Ligand code: GH3
Ligand code: MG
Ligand code: MG
Ligand code: MG
């Protein structure tokens, strides 16, 4: 029905088999359909599969729709999933209760198929918009890699993981060498192009799924290497240095080589608390300063 909804999923929760089938037939052209026949199953599937929209029956044995929405809204993992109530129990009090519990819509049974489709379509479109906005909010427009906001979130998550699991954690800061003079020599637009190439070269070297690179701002990047000790980090970060050098972007006024290079400062630790997270970037920055002071075009860890 709507091309923009591709890849989205809807969970239909109803204890009545015929209702599940009818609803499924109505919406299966718009999204991937998942089914649950009771409240417990609804919660299990919502937590595991994170559907983009839930159509929820109210009257069900054991656990009714109100209990289900209450549980989902109180769980951080599921609390943003939009829920549409659909029920034969359609007095205004029920409708008000459902909406106050956080439902985005309320449909009375017997329903008209076209109305259900139209409403579901509207909600799927808002989900798609929200996803797009969320993506844009986490990406750096110039380089297309992750931005500072995403870095802050990843740092918090990975630092917490390392702290809880007593694993080593590496944070590295990357800064392009003599980039002011690059802009002065070749112009700002060519500078932007070089920035993009450097960002993608760094990204191409970080192959493990949780390795992360983002743009901190200006011509500085940040790399997070979870579960990585000093030796492991040195391998990955040397690969990054080489990948940038191998781009072989001419820089006739660089004082290290005739091409664009970067300096990298890194810091590895097993976190002892959550507050030290704020200092980790400073420590990596201190190493970067030493890499610069030592002649640039190198890693200091
Ligand atoms: P160093 O080797 O010590 O790092 O020297 P540098 O010239 O790279 O360092 P400095 O901090 O003095 O200059 C950074 C320059 O990066 C300044 C600015 O012209 C350039 N820059 C920052 N952001 C952008 C951007 O988005 N696009 C372009 N083209 N240049 C940028
Ligand atoms: Mg029912
Ligand atoms: Mg800089
Ligand atoms: Mg620089």
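Between the stretch 167-202 and the stretch 248-301, the alpha-carbon centres lie 12 Å apart.
Between residue 258 and residue 89, full extension at 0.36 nm per residue minus the direct alpha carbon distance yields a gain of 53.3 nm. With the simple model of a label 7 Å out from the Cα in the direction of the Cβ, residue 238 to residue 189 spans 4.0 nm.
One Cα centroid belongs to the stretch 80-116, the other to the stretch 1-73; the line between them spans 13 Å.
When the alpha-carbon atoms of the stretch 144-197 are used, the pair Rg, Dmax equals 16.4, 49 angstrom.
Footprinting exposure proxy ranking of 144, 18, 170, fewest other C-beta atoms within 10 angstrom first, gives 18, 144, 170. The calculated P(r) of the chain, using every Cα pair and 20 Å bins from 0, goes 29, 37, 28, 6 in percent. Could you check what % of the DSSP bridge pairs in the chain are antiparallel, to the nearest 5? Approximately 50 percent, going by the DSSP bridge assignments. Would you mind computing, in nm to one decimal, how far apart the modelled labels at residue 17 and residue 135 are, each placed 7 Å from Cα along Cα→Cβ? So the label points at residue 17 and residue 135 sit 4.0 nm apart. Relative to the longest principal axis of the Cα atoms of the chain, the long axis of helix 39-49 lies at roughly 20 degrees.
Maximal additional length on extending the residue 160-residue 227 stretch stands at 22.9 nm, based on 0.36 nm per residue less the C-alpha distance. Counted by neighbouring Cβ atoms within 10 Å, the residues 274, 60 run from fewest to most as 274, 60.
All of the numbers you see were taken from the coordinates with simple rules; none came from a lab. As the structure is a computational prediction, the values presented were derived from the model and not from experiment. For neighbour counting, all protein chains shown are included, and Cβ atoms are generated from backbone atoms with ideal geometry for every residue, glycine included.
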